[in-house]
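Contents: one structure, followed by commentary.
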Amino acid sequence: MARRIRILDTTLRDGEQTPGVSLNIEEKTAIARQLEALGVDAIEAGFAITSKGDLEAVKAVALAIEKCVVTSLARAVKSDIDAAWEAVREAKKPGIHTFIATSDIHMKYKLRMTEEEVIQKTSEMVAYAKKYTDYVEFSAEDASRSRKEFLYKVYEAAIEAGALMLNVPDTVGYTTPDEFGALIRDIKANVRGIDKVGISVHCHNDLGLAVANSLSAIMNGADLVECTINGIGERAGNAALEEIVMAMDTRKDFYDIEHGINTMQINRTSNLVSSLTGINVQPNKAIVGKNAFAHESGIHQHGVMAEKTTYEIMTPESIGLKHNDMVLGKHSGRHAFEDKLREMGYDLAKDDLNDAFIKFKDLADKKKQVLSEDIEALVLDKMMSPNEIFELDSYQINSGNKLIATATMKLKKGSETITEAATGDGPVDAALNAVERCIGFPMELDDYKIKAVTGGKDAMGEVNVMVRKDGRRFSGHGVSTDIIEASIRAYLNAANRAYSSSAAKNGE
Ligand code: KIV
Ligand code: ZN
């Protein structure tokens, strides 16, 4: 019988360490729920000690998840482990993931600890975590650049102290597939007690080898792989879940490995993570890039028309991709809309459903065909702006190639109406300046991205922004068939986050 590999998704922890990404509680919970639907075995939900917000977000994920193990990362330090436990204690299957660096370079310059001290810390902190929960994962950070004989001793100390999962990270994406496979074999052959625990791997993509290294580790006996959706993560990112899984499925003849992933959920998970993090997927990205199943050259198109397998090694349907799936129109009623949402896997609360239906009707008036991508964008938009303090009421823009762009903006803040006007270098600049006057605090716009949700001139525009206020960065998201409105909504979404964050800080 084929061996079953386990998958730990760390999109909510290492993925959130992608520069510029910051997810709030609702967003983390929405991604976690989708990861559960995808079928991952474990979710690393965050690094609880890093902020109160992250601790609360891990807690929320722990409460929302039914089947997967939910872990929080912790340095090999008591206060980190306490925070991790505080965050996951209410999970159905809680876990603590603690780590310490083991390479000479990290021990000398970062930890300033000797080998003996690192071994001692490993024993003490794994045992400390073990007092809280049975599922303790231990990582030897920078394992792939660590001295092997020393690494074996550290892992032995972790096993003796009760770790159930030993993680082998290629922290800086330095290793190669053959070398990493050999490291896993060597660990299996040389670490006392290794057969009592699981081996997991965690590969970074600095040399573009994260997926190849993970697959090599699997072939050499790793039991679990850590990865992220769309390969997001620190620096060049982590091994991409969708690539590892589809490699194992498409080349079952070679790998002969089972996993618990429902591949039909891959496309949706990828879209959700991309929208909520604001990190677009590169078009030529394997499996989930826009072009992954597009055939451009005449020879290829002809081949695919004659027989798909000439140029397609897997089907778009196998990752749940359905294009131009016309779902509803302006005459569709509430029941049809509700059915469609359910079919798409969304189970919205009554108020959210009412709100989504109003937005759908509004969209159907403006757009001839409402596709499933549109519905998805509306639902995501709602998820990303749950309790807005400032809400857009109306706006008016005057703009042209020989005019100074001017914007008049009307916002609502509770029962108050705020109206302001501003000029700018083009309609978007004018609109955002007017928003800033209404909200009463300045923000710097660090990043602005726009994309069309579907094809067609009447497509909705989706805008993602990153703003800076008081040295902190906040993301914002907005959709509309009018790209100025989408821009305003995205900017307001970010402003609301900035406002809530400083209100929380001031104890309001
Ligand atoms: O890359 C790394 O080494 C990590 C560990 C903390 C597992 O993220
Ligand atoms: Zn990492």
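Given His331, Leu348, Ala405, which one lies farthest toward the positive end of the charge dipole of the range 289-407, if we put +1 on the Cβ of every Lys and Arg and -1 on the Cβ of every Asp and Glu?
Toward the positive end, the furthest listed residue is Ala405.
With every protein chain in place, what's the accessible area of Thr250 (1.4 Å probe, Å², nearest 10)?
Probe radius 1.4 Å; accessible area of Thr250 about 40 Å².
For a quick check of your reading of the filter: which GluC sites (Glu not before Pro) in the range 258-335 sit in a DSSP loop and have no more than 11 other Cβ atoms within 10 Å?
Sites meeting the loop and neighbour criteria: Glu296, Glu307.
Using packing as a proxy for protection, rank 166-173, 8-15, 345-352, 136-143 so that the peptide with the highest average count of other Cβ atoms within 10 Å comes first.
Highest mean packing first, the order is 8-15, 136-143, 166-173, 345-352.
In nm, to one decimal, how far is the Lys330 label point from the Lys148 one, both placed 7 Å along Cα→Cβ?
For Lys330 paired with Lys148, the spin-label model returns 7.1 nm.
Arg75 accessible area, nearest 10 Å², 1.4 Å probe?
110
Compare His335, His202, His300 by solvent-accessible area with a 1.4 Å probe and give them largest first, with all protein chains kept in place.
So, going from the largest accessible area down, we get His335, His300, His202.
Which order do peptides 119-127, 185-193 fall in by mean Cβ count within 10 Å, highest first?
119-127, 185-193
If amide H atoms are built 1.01 Å from N in the plane of the peptide, which residues on other chains or at least 5 residues away come under 5 Å of the amide H of Thr18?
The list, which skips near neighbours in sequence, is Gly233, Glu234.
Could you work out how far the C-alpha centroid of the range 153-185 sits from that of the range 472-504, in angstrom?
42
On a full-extension model of 0.36 nm per residue, what is the gain between Glu86 and Ala421, subtracting their alpha-carbon distance, rounded to one decimal in nm?
115.8 nm
How much length would be gained if the chain were fully extended between Lys308 and Asp447, taking 0.36 nm per residue of separation minus their Cα-Cα distance, in nm to one decimal?
Working it through step by step, the gained length comes to 46.0 nm.
Quick one: dipole size for the range 104-208, taken about the Cα centre, charges +1 on Lys/Arg Cβ and -1 on Asp/Glu Cβ, in debye to the nearest 20.
Magnitude of the dipole: close to 180 debye.
When the Karplus curve 6.51 cos²θ - 1.76 cosθ + 1.60 is applied with θ = phi - 60°, which whole-Hz ³J(HN,Hα) does each residue of the range 470-480 get, with x for Gly and Pro?
6, x, 10, 9, 10, 8, x, 9, x, 10, 5
Helix 148-161 versus the longest principal axis of the chain: what is the Cα-based angle in degrees, 0 to 90, to the nearest 10?
The angle comes out near 80 degrees.
Run the accessible area of the range 334-383 with a 1.4 Å probe and give the carbon-and-sulfur part as a rounded percent.
49
Just to verify a number: FRET efficiency for Ala236 and Asp256, C-beta to C-beta distance, R0 = 35 Å, to 0.05?
Calculated transfer efficiency: 0.70.
Let a ≥ b ≥ c be the square roots of the eigenvalues of the Cα gyration tensor of the range 222-286; is it rounded (a/c under 1.5), or, if not, prolate (a/b larger than b/c) or oblate?
Note, shape of the range 222-286 comes out prolate.
From the backbone phi of the range 212-229, what are the Karplus-calculated ³J(HN,Hα) couplings (6.51 cos²θ - 1.76 cosθ + 1.60, θ = phi - 60°) in whole Hz, Gly and Pro given as x?
4, 5, 5, 5, 5, 5, 4, 5, 9, x, 5, 9, 9, 10, 9, 7, 10, 6
Positive end of the dipole of the range 3-277, charges at C-beta (+1 Lys, Arg; -1 Asp, Glu), about the Cα centre: which of Ser72, Thr263, Ile218 has its Cα farthest in that direction?
Positive-end residue among those listed: Ser72.
The range 61-128 to the range 205-260: how many Å between their Cα centroids?
That distance is 23 Å.
Under a 1.4 Å probe, what is the accessible area of the chain per residue, stated in Å²?
I get 45 Å² per residue for this part.
What are the ³J(HN,Hα) couplings of the range 420-432, residue after residue, when phi is run through the Karplus curve with 6.51, -1.76, 1.60 and θ = phi - 60°? Round to Hz, x for glycine and proline.
8, 9, 7, 9, x, 8, x, x, 5, 4, 4, 5, 5
What nm value, rounded to one decimal, do you get for the distance between Arg192 and Met1 when each label is placed 7 Å out toward the C-beta?
Rounded to a tenth, the inter-label distance reads 3.3 nm.
For a Förster distance of 41 Å, can you work out the FRET efficiency between the beta-carbons of Asp482 and Ser79, rounded to the nearest 0.05?
Efficiency for this residue pair is about 0.25.
On the accessible surface of the range 390-505, probed at 1.4 Å, how many percent belong to carbon and sulfur atoms?
Reported share for carbon and sulfur atoms: 46 percent.
By accessible area of protein heavy atoms, probe 1.4 Å, what ranking do His302, His97 get, highest first?
His302, His97
Can you give the FRET efficiency to the nearest 0.05 for Asn401 and Lys366, using r as the Cβ-Cβ distance and R₀ = 35 Å?
For R0 = 35 Å, the calculated efficiency reads 0.85.
Expressed as cubic angstrom per residue, what is the convex hull volume of the alpha carbon set of the chain?
Value for the chain: 175 Å³ per residue.
For Arg342 and Lys52, calculate 0.36 nm times their separation in residues minus their Cα-Cα distance, and state this gained length in nm to one decimal.
Value of the extension gain: 101.0 nm.
Ordering Met383, Met1 by how much accessible area each has at a 1.4 Å probe, largest first, what is the list?
Per-residue accessible area, sorted high to low, gives Met1, Met383.
The values are calculated or read from the model by the stated rules, or taken from the named source; none is laboratory data. Computed from a predicted structure; not experimentally measured. Heads up, the Cβs are rebuilt from the backbone with ideal geometry, glycines too, and the neighbour counts pull from every protein chain shown. Surface areas here come from the heavy atoms of the whole protein model, side chains and all, with no ligands, DNA or RNA. Shrake-Rupley method; radii C 1.70, N 1.55, O 1.52, S 1.80 Å.
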